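Written below as structure tokens is the structure these notes are about.
The values are calculated or read from the model by the stated rules, or taken from the named source; none is laboratory data. Just so we're clear, the structure is a prediction, and the values are computed from it rather than from any experiment. Here the Cβ positions follow ideal geometry from the backbone for every residue, glycine too, while neighbour counts run over all protein chains shown. Remember, those area values only see protein heavy atoms, side chains included, never the ligands or the DNA or RNA. Shrake-Rupley method; radii C 1.70, N 1.55, O 1.52, S 1.80 Å.
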Amino acid sequence: MSHHVLLLGAPGAGKGTQSKKLAAEYDLEHVTTGDALRARKDMETEYGTPREYMEAGELVPDPVVNEIVEAALSDADGYVLDGYPRNLEQAEYLSEITDLDAVIFLDVDEEVLVDRLTGRRVCDDCGANYHVEFAPPEEPGVCDDCGGELVQREDDTEETARERLSVYRENTEPVIEHFRQTGDLVEIDGEASPEEVFDRITDVLEEE
Ligand code: AMP
């Protein structure tokens, strides 16, 4: 069984949804740079605040993100890493601080990603994810799990979503290619249902 799991994929590919389920099922730490940065949006750094980059759909500078990941991984025994590395420099840094047991890529077509991102709603209290059309809550705007308010992330507007996808193509696709070349990458069809994707991932993890 793998304890150091990396989930790769574009924004909207389902990394967050699947990571949460994996963390619960296997008692792993869910290490997600997106959530960590959202919790520190206004932190002053020598590069400015994370907010400026996030609202534009750009990458937060590597030193800021690397430090967050190093601290999170050093506290974790087993983990599922989500949202990092997003460029080759981060991938190099990651290889210096930990060893991975499984690298999984959730493959989803670009137009599907735009629809998923722009329709996504997130619970303001517990972080559960919904989609207005594909995975609606029982009552519009209200979280099924905790009754919290469902909100749209500021960077899930169409314009910023498209910018994030272009940043992904330019910076993160080379990371996928890197792991493909090392022979570590396991590719999964991310357009299958969340349950099917989860089953595929658990099959891979239990094979290792
Ligand atoms: P996410 O929730 O993973 O979609 O991330 C939201 C935003 O946080 C991204 O658009 C980036 O601005 C920032 N971010 C998250 N992870 C990273 C990372 N590994 N490197 C740089 N910026 C990141």
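So that you can scan it fast, the table gives a plain yes or no per residue for (1) β-branched (Val, Ile, Thr); (2) surrounded by fewer than 19 Cβ atoms within 10 Å (Cβ to Cβ); (3) outside any loop (DSSP other than H, G, I, E, B); (4) in contact with a Lys or Arg (Cβ under 7 Å, 6 or more places away or on another chain):
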{"site": "Leu100", "(1), (2), (3), (4)": "no, yes, no, no"}
{"site": "Cys146", "(1), (2), (3), (4)": "no, yes, no, no"}
{"site": "Leu150", "(1), (2), (3), (4)": "no, no, yes, yes"}
{"site": "Glu173", "(1), (2), (3), (4)": "no, yes, yes, no"}
{"site": "Gly183", "(1), (2), (3), (4)": "no, yes, no, no"}
{"site": "Glu196", "(1), (2), (3), (4)": "no, yes, yes, no"}
Among the residues listed as Arg180, Arg153, Arg116, Arg164, the single one being closer than 25 Å to Glu70 by Cβ and not acidic (Asp, Glu): Arg164
Residue within segment 57-78 that is open to solvent by less than 50 Å² (accessible area, probe 1.4 Å), touching a residue at least 60 places away in the same chain (Cβ under 8 Å) and in contact with a strand residue (DSSP E or B) (Cβ under 8 Å, 6 or more places away or on another chain) present: yes
Subset of segment 79-90 (residues that are open to solvent by less than 60 Å² (accessible area, probe 1.4 Å) and near the ligand (Cβ under 10 Å from one of its atoms)): Leu81, Asp82, Gly83, Tyr84, Pro85, Asn87, Gln90
Given (1) over 29 Å from Ala192 (Cβ atoms); (2) part of a strand (DSSP E or B), number of the condition Asn66 does not satisfy: (2)
Any pair with Cβ under 8 angstrom, 6 or more apart, that starts in segment 177-195 at a residue that is without any contact (Cβ under 8 Å) to a residue 40 or more places away in the chain and ends at one that is surrounded by 13 or more Cβ atoms within 10 Å (Cβ to Cβ) and of a type in the set (D, E, K, R): Ala192/Arg200
Those residues of segment 1-13 which are in a loop (DSSP other than H, G, I, E, B) and open to solvent by 20 Å² or more (accessible area, probe 1.4 Å), in sequence order: Met1, His3
Any hit, segment 111-120, residues being farther than 23 Å from Leu22 by Cα and modelled with pLDDT under 95: yes
Residue count, segment 44-56 (criterion: open to solvent by less than 70 Å² (accessible area, probe 1.4 Å), in contact with a helix residue (DSSP H, G or I) (Cβ under 7 Å, 6 or more places away or on another chain) and not in a helix (DSSP H, G or I)): 1
Within segment 1-60, considering residues that are closer than 24 Å to Arg169 by Cα and of a type in the set (Phe, Trp, Tyr), the one nearest to the ligand (Cβ to nearest atom): Tyr53
Scope segment 15-43; condition of a type in the set (Lys, Arg), more than 21 Å from Arg116 (Cα to Cα) and open to solvent by 60 Å² or more (accessible area, probe 1.4 Å); matching residues: Arg40
